[in-house]
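J.: Have a look at the structure that comes next, please.
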Amino acid sequence: MERFFEDVLPDLYIEPRYDLASVNVSFTVPGGVKVRRVSILEGGEKIHSVAGRGRPRTVSVEFPMKGFRPWSTDSPFLYTLAIELSRKGKPEITRQNFGMRKFHVQDKRIFMNNRPLYIRGFIRGREAHDHPNLQGLSPVEYYEKNIRAAKAFGFNFVRFHSKVPPREFFDAADRLGFLAHIEVRKYYGKYQKERELMDHDPTLVDPGVWRKAILDLRNHTSLMAYCLGNEINTPGRRPEVKARRRQLKRLDSTRLFIDTCARGEYDRTGIDFDVQHMGYFMPFGRHHDMFNSTENWAIFGSVEDKPMSAGGRDAVVRREIPVNFPVMAHEVGHYMQLRDLDSLRRKFRTSGVEEPWWVGELIKLRELKGQKEEYRGLVQASRRFQFIWHKQMFEAVRRSPILNGFHFLQFSDTERYENSNGLVDVFDDYKEGTRPEEYLPFNADNVIVADLPRRTFFEGDTLEVPVWFSNNSGKPVKEAALAWSLECVGGRYKRLCGELSRLDMREGLQKVAFLRVRLPETARARALRLTAAIRPTEGPATTNSWNVWVFPDRPGDMAVKEATIVLRDVDICRRYGSIRQGGSLSRPRRLLVTDRFTEPVFRHLEKGGDVLMLYRVPENRNLRAWHMKEKAAPAEKYYMPSTWDRFKQVIWDRGHNLGGFMRKHRALARFPHDGYVDFQFNGLIEDCDKFSLDGFPVRVAPAVQGVDKASRDRYDVFTFGLRELQPEWTMRRFAYLFDLRVGRGRLMMSGFNFTGLNGNVPEVCGMFESLAACVASAEWRPAAKIPVKVLKGYLEEKGRSPRVRERMMTQYWQLDDAPLESADYWRMSEKWIREGF
């Protein structure tokens with residue numbers, strides 16, 4: 001009879017001694033049991049075998065493993081330990097697979113099998129970050145499917161958040177080659193409510209529970225790290241942490257130990273590696289180096305109560321926080337997308353599993369918002385936006401000199417909530433439009449990264465690009481060449497290319513080159529693709545590419561020749577001096593360029609004039625004034641419903657920007673795009689006023705339509721008791737650009753931020769010139785029509801109505817001024833919703 005070792009020999013310990021080329025096997029012999037033989041098998045054949053002698057109380061035998069085959073994530077070779085027993089004369093056998101592998105830490109890096117290891121991990125385990133076995137697979141098949149999908153996307157590691165997975169997971173991970181991190185401390189309840197209880201629990205993990213977890217798991221090759229739990233406060237001051245570490249090292253000295261994922265003091269000791277919050281910024285523009293900084297680790301303080309900073313609001317000095325361990329970035333990349341509701345409904349019905357409550361509710365919300373026909377486009381736009389930010393995030397992490405890996409949140413969608421931030425769905429199936437091969441250029445052992453804090457340029461600008469290479473394949477590259485090219489996407493443009501040979505290479509992260517390219521002249525804006533490849537003297541090349549955009553710098557070609565310009569924050573004529581300004585707001589020229597609605601604007605439209613509305617109203621930024629305790633901007637009399645926007649993804653439930661898509665329109669004829677919002681919209685969307693068309697009097701088809709999230713703010717549930725989806729601030733029909741025939745006039749409505757004209761930001765200039773060419777043309781014919789009286793009445797009614805205040809998590813996202821939310825922020829945020837100005 002064959003049985004699991006846990007049931008027969010609960011303290012069995014298979015200890016690979018990698019550097020000694022041996023394996024030690026030890027266990028206690030249960031009463032009434034005789035050991036007949038202990039064997040090591042390779043491919044089913046015995047390679048070592050020792051016969052049992054007598055009736056020893058304990059057994060410890062070391063087998064030589066000269067010339068062994070190592071276990072790795074690329075080549076997960078397993079040996080088998082077979083122990084033949086007899087109990088009351090009846091034979092029994094227990095088998096356990098094991099691999100020859102080694103983990104250790106040196107020079108603030110993690111090594112596996114004496115080679116540098118870069119952790120490309122994702123998170124599952126907690127209800128919010130996992131899903132059950134919805135297809136009725138066997139437990140092993142259920143875990144196998146997830147691991148195979150994750151490896152296809154380039155991952156090599158999974159962190160089980162507040163969970164110890166069953167044997168079936170480890171059997172699959174051992175066989176398929178996937179590393180694991182487990183956390184023994186469990187949450188009390190349903191995700192958020194229990195945090196207060198846990199923060200004050202005097203016991204982290206019961207010693208007996210900790211011991212049992214170690215004994216159950218230590219013979220599984222794929223296990224890399226034991227962790228007490230998630231986001232434990234002040235772990236460095238708790239004697240229990242050191243006691244659990246000592247207990248672990250006695251029972252399993254071959255694995256790594258960490259006390260908590262995030263919230264640990266920077267100067268604590270007794271851990272092998274660290275996991276730290278890197279902040280909820282987005283790694284682009286002014287935050288493009290966010291993964292290179294340890295500044296926000298100071299939030300969690302010092303074991304010795306060292307001051308983290310001194311000074312006040314006007315002058316401050318901050319401590320430089322050192323890196324003392326190998327560090328993984330905590331919970332990165334949890335960027336949202338819309339769910340494919342119709343596909344999911346079919347899958348749930350086919351599987352025979354009860355459909356989660358939110359599927360039907362989101363379908364109802366989609367119908368309520370009139371987005372059924374365009375929903376597929378919204379889903380595709382959200383996936384595109386998620387992808388470009390995933391690429392940006394992964395690459396920013398890979399070029400960080402302080403990180404040894406990351407924990408991605410998350411790989412699979414959960415069925416528990418409406419949030420969708422996975423690369424695969426709740427069945428671990430690939431989502432339409434999300435392809436594993438697209439992720440491998442930036443999520444593999446070897447990755448080449450171009451450091452591009454901006455993506456838009458004028459003709460004649462110099463493109464300056466530091467090029468990094470992250471080499472973690474375990475196969476040293478001594479010498480290689482860097483090949484690069486810059487070419488037009490779908491059009492004619494001078495192709496530039498080159499190669500630099502005999503680059504000295506090493507393992508780990510290094511800056512290999514600095515690329516400087518002067519961009520050729522161009523009469524029209526173009527999308528370009530920069531491609532770079534590291535070509536070693538032996539082995540395959542590593543290739544990656546990035547989109548950049550080049551715009552003509554020819555303000556004298558402005559299509560608008562004369563106009564009345566009434567703007568508060570934008571000086572159009574600083575760049576476009578050829579525009580003849582004339583008239584006044586009360587008596588404008590045919591084209592009026594302004595940024596808010598007033599009585600003269602409506603009169604101009606009634607008379608058949610044209611209006612280019614670059615909508616930007618100070619009251620949309622009153623949130624910032626509230627948190628800064630400054631005076632509020634007055635409310636607009638004629639208010640177009642809109643919200644303060646950022647060029648950043650929704651981060652779990654923070655924010656409301658899931659990208660956007662374009663319709664064919666004359667206004668975009670001179671602006672390069674492939675139908676979706678990409679980084680060429682950064683300067684236009686960052687700090688802009690995004691329109692909400694919910695309840696607008698006429699149906700319009702925006703030239704640039706935005707995508708809202710379809711998930712609740714967690715504090716709506718736990719603080720305000722709003723447990724249902726809230727249509728007022730969920731799945732709104734957003735627009736950045738649309739036009740109308742208003743009475744006899746024509747109106748172009750833009751929510752984009754055009755303050756970049758003051759500083760010659762290329763994409764802002766490019767979009768303005770494209771809009772100008774449209775509104776100056778007699779061929780501009782808006783499809784949607786609305787009477788002046790109806791538009792005026794609608795805007796006036798909205799001016800009198802209470803404004804839609806974004807929820808607590810989204811306010812933080814809008815402010816974009818701190819890496820993490822503070823206690824003072826939460827207090828002010830809740831008060832803003834309840835009271836406000």
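The values are calculated or read from the model by the stated rules, or taken from the named source; none is laboratory data. Every value quoted in this text rests on a predicted model; they were computed, and no experiment measured them. Cβ placement follows ideal geometry from the backbone for every residue including glycine, while neighbour counts extend to all protein chains displayed. Calculation scope for accessible area: heavy atoms of the full protein, side chains included, ligands and nucleic acids excluded. Shrake-Rupley method; radii C 1.70, N 1.55, O 1.52, S 1.80 Å.
J.: Using the crude model of +1 on Lys and Arg Cβ and -1 on Asp and Glu Cβ, and no other charge, please compute the dipole size for the chain relative to its Cα centre, in debye to 20.
T.: The calculated dipole for the chain is roughly 580 debye.
J.: Let me ask something else about it. Figure the gain on full extension for Arg237 and Ser49 (residue separation times 0.36 nm, minus the Cα-Cα span) and round it to one decimal in nm.
T.: Length gained, Arg237 through Ser49: 62.9 nm.
J.: Another question about this same structure. Given the convex hull of the Cα atoms of the range 1-115, what is a quarter of its surface area in nm²?
T.: 8.1
J.: What distance in nm lies between label points placed 7 Å from Cα along the C-beta direction at Asn24 and Ala481?
T.: 5.2
J.: Pick out, in residue order, every one of the GluC sites (Glu not before Pro) in the range 45-100 that is DSSP loop and has at most 11 other C-beta atoms within 10 Å; say none if there are none.
T.: none
J.: Run the numbers for Gln510 and Met628: contour at 0.36 nm per residue of separation, minus the present Cα-Cα distance, in nm.
T.: Stretched out fully, the Gln510 to Met628 stretch lengthens by 38.3 nm.
J.: Can you give the log10 of the normalised intensity I(q)/I(0) at q = 0.10, 0.14, 0.18 Å⁻¹, computed with Debye over equal Cα scatterers of the range 234-365?
T.: With one equal scatterer per Cα and no solvent, log10 I(q)/I(0) is -0.58, -0.80, -0.98.
J.: Moving to a separate point now. Over the alpha-carbon set of the range 763-812, work out the extent along each principal axis and list the three values in angstrom, largest first.
T.: So the three principal-axis extents are 43, 34, 15 Å.
J.: If you wrap a convex hull around the C-alpha atoms of the range 714-821 and split its volume per residue, what is the figure in Å³?
T.: Hull volume normalised by residue count: 165 Å³.
J.: Would you mind getting me the FRET efficiency between Ser777 and Asp289? Use the beta-carbon distance for r and R0 = 25 Å, nearest 0.05.
T.: 0.05
J.: Give the long-range amide H neighbours of Arg263: residues separated by 5 or more places, or on another chain, with amide H under 5 Å away, using H modelled in the peptide plane at 1.01 Å from N.
T.: When sequence neighbours closer than 5 places are left aside, the close amide H contacts are His277.
J.: Oh, and also: Using the heavy atoms of the protein chains and a 1.4 angstrom probe, tell me the accessible area per residue for the chain in square angstrom.
T.: On the way: 33500 Å² over 837 residues.
So the chain comes to 40 Å² accessible per residue, rounded to a whole number.
J.: Please give the net charge around Pro139, taking every other residue with its beta carbon less than 13 angstrom from that of Pro139, where Lys and Arg add +1 and Asp and Glu add -1.
T.: Charge balance in the 13 Å sphere: -2.
J.: With the cut-off at 20 Å, tell me which of the pairs Lys369/Lys709; Lys637/Lys789; Lys637/Lys690; Lys102/Lys249; Lys372/Lys789 have Cα atoms farther apart than that. Walk me through the intermediate numbers first.
T.: Details: Lys369/Lys709 13 Å; Lys637/Lys789 15 Å; Lys637/Lys690 18 Å; Lys102/Lys249 15 Å; Lys372/Lys789 30 Å.
Correct reply: Lys372/Lys789.
J.: Further, regarding this structure: Please give every one of the lysines within straight-line cross-link reach of Lys478, meaning a C-alpha to C-alpha distance under 24 Å, and leave out same-chain neighbours fewer than 8 residues apart.
T.: Leaving aside lysines fewer than 8 places away in the same chain, those within reach of Lys478 are Lys108, Lys511.
J.: Now, a different point. In the range 402-442, whose amide N lies under 20 Å from the spot 7 Å out along Cα-to-Cβ of Trp357? List them in ranges.
T.: Residues 414-421, 426 qualify, since their backbone N sits under 20 Å from the label point.
J.: If you don't mind, there's one more thing I want to ask. For Glu331, list long-range residues whose amide hydrogen, built 1.01 Å from N in the peptide plane, is under 5 Å from its own amide hydrogen.
T.: When sequence neighbours closer than 5 places are left aside, the close amide H contacts are His407.
J.: Taking N as the number of residues in the range 479-583, what is its Cα Rg relative to 2.2 N^0.38 Å?
T.: Taking N as the residue count of the range 479-583, the ratio is 1.65.
J.: Sorted from largest down, what three extents in whole angstroms do the Cα atoms of the range 599-673 have along their principal axes?
T.: Computed over the Cα atoms, the extents are 43, 35, 17 Å.
J.: Have a look at the DSSP beta bridges in the chain and tell me what percent are antiparallel, nearest 5.
T.: Roughly 70 percent of the beta bridges in the chain run antiparallel, per DSSP.
J.: To continue, here is another question. Divide by every residue of the chain the summed helix terms, -39500 (n - 2.57) for each DSSP H run of at least 4, and state the resulting mean residue ellipticity at 222 nm, rounded to the nearest 500 deg cm²/dmol.
T.: When only DSSP H runs of four or more count, the value is -6500 deg cm²/dmol.
J.: Hey, how many Å between the Cα centroid of the range 303-325 and the Cα centroid of the range 596-654?
T.: Their Cα centres are 39 Å away from one another.
J.: Figure the gain on full extension for Ile93 and Glu168 (residue separation times 0.36 nm, minus the Cα-Cα span) and round it to one decimal in nm. Before the final figure, lay out the partial values.
T.: Working: separation 75, 0.36 × 75 = 27.00 nm, distance 1.95 nm.
Difference between extended and current length: 25.1 nm.
J.: Determine, from the Cβ-Cβ distance of Ser545 and Arg580 and an R0 of 35 Å, the FRET efficiency 1/(1 + (r/R0)^6), rounded to the nearest 0.05.
T.: Result of the calculation: an efficiency of 0.20.
J.: Would you please name the GluC sites (Glu not before Pro) within the range 431-470 that are DSSP coil residues with at most 13 other C-beta atoms within 10 Å of their C-beta?
T.: Counting only loop positions with at most 13 other Cβ atoms within 10 Å, the GluC sites (Glu not before Pro) in the range 431-470 are Glu432.
J.: Quote the convex hull volume per residue of the range 525-596, based on C-alpha atoms, as a whole number of Å³.
T.: 138
J.: Also, I was wondering about something else. What distance in nm separates the simple spin-label points at Val489 and Arg834, each placed 7 Å from Cα in the Cβ direction?
T.: Inter-label distance under the simple model: 4.7 nm.
J.: All other residues with a Cβ under 13 Å from the Cβ of Arg148 taken together, and with Lys, Arg as +1 and Asp, Glu as -1, what is their net charge?
T.: Net charge in that neighbourhood comes out at -1.
J.: Placing +1 at every Lys and Arg Cβ and -1 at every Asp and Glu Cβ, with all other atoms neutral, what dipole size does the range 167-319 have around its Cα centre, in debye to the nearest 20?
T.: Value, rounded to 20: 320 debye.
J.: When Lys and Arg each count +1 and Asp and Glu each count -1, what net charge do the other residues less than 15 Å away from Lys631, Cβ to Cβ, add up to? Please report the intermediate quantities before stating the final value.
T.: Values: positive: Arg621, Arg624, Lys629; negative: Glu619, Glu630.
With Lys, Arg at +1 and Asp, Glu at -1, the neighbours total +1.
J.: Just how large is the dipole of the range 647-723 about the Cα centre, in debye to the nearest 20, putting +1 at every Lys and Arg Cβ and -1 at every Asp and Glu Cβ?
T.: 260
J.: Quick one: Karplus J couplings for the range 826-831, per residue in order, coefficients 6.51, -1.76, 1.60, θ = phi - 60°, nearest Hz, x for Gly and Pro?
T.: 4, 5, 5, 5, 5, 5
J.: Quick one: which residues, 5 or more positions from Glu686 or on another chain, have an amide H under 5 Å from its amide H? H modelled 1.01 Å from N in the peptide plane, none for Pro or chain starts.
T.: Phe647
J.: Compute and list, largest first, the equivalent-ellipsoid semi-axes of the chain from the alpha carbon gyration tensor, each √(5λ) rounded to a whole angstrom.
T.: Each semi-axis is √(5λ); the values are 56, 29, 25 Å.
J.: Turning to a different aspect of this structure: For the range 352-359, take each phi angle, set θ = phi - 60°, evaluate the Karplus expression 6.51 cos²θ - 1.76 cosθ + 1.60, and give the result in whole Hz per residue in order, putting x for glycine and proline.
T.: x, 9, 4, 6, x, 4, 6, 4
J.: Under a crude label model (7 Å from the Cα following the beta-carbon direction), how far is Thr350 from Gln106 in nanometres?
T.: Distance between label points: 5.0 nm.
J.: For the range 536-548, just list the computed ³J(HN,Hα) in residue order, Karplus coefficients 6.51, -1.76 and 1.60, θ = phi - 60°, integers in Hz, with x standing in for Gly and Pro.
T.: Each residue's phi maps through the Karplus curve to give x, 5, 9, x, x, 7, 10, 10, 8, 8, 9, 8, 9 Hz.
J.: Right, another one. Only loop residues by DSSP count here, and only those with at most 10 other Cβ atoms within 10 Å; note down the trypsin sites (Lys or Arg not before Pro) in the range 633-694 that meet that.
T.: Within the range 633-694, the qualifying trypsin sites (Lys or Arg not before Pro) (loop, at most 10 other Cβ atoms within 10 Å) are Lys664.
J.: On the accessible surface of the range 779-834, probed at 1.4 Å, how many percent belong to carbon and sulfur atoms?
T.: About 52 percent, which is the carbon plus sulfur part of the accessible surface.
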